[in-house]
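FYI, it's all coordinate maths here, none of it is from the lab. Predicted model only: the values in this text are computed from it and were never measured. All Cβ positions, even for glycine, are placed from backbone atoms using ideal geometry, and neighbour counts span all protein chains on display.
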Amino acid sequence: MKYIVDIAGQRLVVEFDGTHVSVDGDKMSATLESIDGTPVRLLRVGDTVHRVLAKRDGARGQYALDVDGWQFRAEAHDERTRAIRDLADASRASAGPSPLVAPMPGLVVRVMVAAGDEVAAGQGLVVVEAMKMENELRAAVAARVTAVRAVAGTAVDKGAVLVELAAL
C-alpha cells in the first residue's frame with residue numbers, strides 16, 4: 001500500500017508490503033508487530049527495533065506518534081485521498097495573488113518585468129527554457145510586482161519562486 005505522509009514539515013512517499021518499506025524510493029526490510037494487550041507496536045527496520053505508539057489525533061489520517069520516546073504529529077493518506085485534499089486546499093481563495101513559480105526545472109531566458117510594475121492578467125512575466133522549449137510564464141491575475149527573483153541565464157528548480165506579486 002502506498003501512503004503520502006506529512007511529518008515534521010516534510011512530505012514522504014511511503015510504501016509498505018508487509019516485509020519491506022520504501023521511503024521516497026529507499027527500500028529496506030521492515031515488519032510491524034503488535035504487543036498483545038497494549039497499544040504498543042514494534043517496528044523492525046533492518047536490524048533495528050523501534051517502540052511505536054500511534055494514536056488518532058483529530059481528523060481522519062492525523063496521528064500523534066511516540067517513537068522511542070520522541071513525539072511527532074503526522075498526517076498519512078493513501079494517494080487518492082491526498083490528491084483530493086491537495087486539490088481542495090489549492091481551491092481555497094488566498095488573500096492575494098500567488099507568486100509566480102517555476103513549473104519545472106529549466107533555464108531563465110528572459111525576465112520581462114521589474115519590481116513596482118503593474119501587470120495584467122495573462123501578461124508574460126518570465127520565459128523559462130525547459131526540455132528544449134521556451135515557456136512564457138504569465139500572471140494569473142492583475143497584480144503589482146513586489147520582487148523579481150528570476151535572473152536571466154540562471155537555472156531554476158521546479159517550485160522556485162520567480163516573481164512575487166501583490167494585490168493592486
Determine whether the range 27-42 contains at least one residue that is more than 30 Å from A152 (Cα to Cα), within 18 Å of the chain's Cα centre (by Cα), exposed (fewer than 13 other Cβ atoms within 10 Å of the Cβ) and among the acidic types (D, E). no
For the list (1) closer than 23 Å to A160 by Cα; (2) within 18 Å of the chain's Cα centre (by Cα); (3) touching a residue at least 40 places away in the same chain (Cβ under 8 Å), I need the number of the one condition that Y3 fails. (1)
Suppose we filter A76, A88 for residues that are farther than 23 Å from V128 by Cβ, small (G, A, S) and part of a strand (DSSP E or B); which single one remains? A76
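Being in contact with a Leu (Cβ under 9 Å, 6 or more places away or on another chain) and among the charged types (D, E, K, R) is the filter; apply it to the range 37-56 and report the residue that is farthest from D17 (Cα to Cα).
By that ranking, first place goes to K55.
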Looking at (1) small (G, A, S); (2) in a loop (DSSP other than H, G, I, E, B); (3) surrounded by 16 or more Cβ atoms within 10 Å (Cβ to Cβ), can you tell me which one G116 breaks? (3)
Within the range 128-154, considering residues that are within 24 Å of the chain's Cα centre (by Cα) and β-branched (V, I, T), the one surrounded by the most Cβ atoms within 10 Å (Cβ to Cβ): V128
